[in-house]
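Below is one structure; the comments refer to it alone.
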Amino acid sequence: VRSRGLGDVYKRQGLNDAGSVRAVFVAAGGGDATLQLNNCVIKNFNRGSDGGTDGGAAVKVSKGRVLLNDVEMVNNKATGRGGAITTTAANSFLFMNNCLLHENYAPTAWGTAIHAGNGYVCMNNVTVLGTTATGGNSITVNGDAYFMLANTTIVGNSGNPNGVFRAGGRACLLYTSD
């Protein structure tokens, strides 16, 4: 991992290299960890060696709170769910404000950009574009979490036979737009 400027996180490895490193992993025993990232770029992380079971190449929230403000996630890859982001536990909280996710990749599984398997996801002024999948159960934003989307755009994604957004059986979606 190298830093370019204040706050930018890049991985030297290319998208096609099968790696096992993610940029950020938040997991607290009691769910009381908090991470806030402001004005940064997370780029080129690859969970390609995970065997399809452990996505979230840029950010994985297992237990705790992650606040992303003006964060760009680009060119991240997971074999499994969540090319850029995944949340996994009921006490996972993800808040995104003014974020851009583009060219992230999860080839055949749920959530080519975001997989929220559980927890709470709030997306305010977020743009998700340019994700690519190759079929299977692919969808751009997926999960059983509680979702709140405000002024959020999901556009220009391809290869996702299940569409751009899927809220599973336990999920609740609130969508607002100006």
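Derivation of every value follows stated rules applied to the coordinates shown; laboratory data play no part. All of these numbers come straight from a predicted model, not from anything done at the bench. Positions of Cβ are backbone-derived with ideal geometry, glycine not excepted, and every protein chain shown enters the neighbour counts.
In this structure, Phe25 and Val155 have a Cβ-Cβ separation that, at R0 = 22 Å, corresponds to a calculated FRET efficiency of about 0.15. Between Ala167 and Ala89, the simple spin-label model (points 7 angstrom out along Cα→Cβ) gives 2.5 nm. A simple packing score, the average count of other Cβ atoms within 10 Å per residue, orders the peptides 55-62, 75-82 as 55-62, 75-82, with the highest score first. Once the piece of chain linking Asn39 and Met148 is laid out straight, how much longer is it, given 0.36 nm per residue of separation minus the C-alpha distance between them? Length gained between Asn39 and Met148: 37.0 nm.
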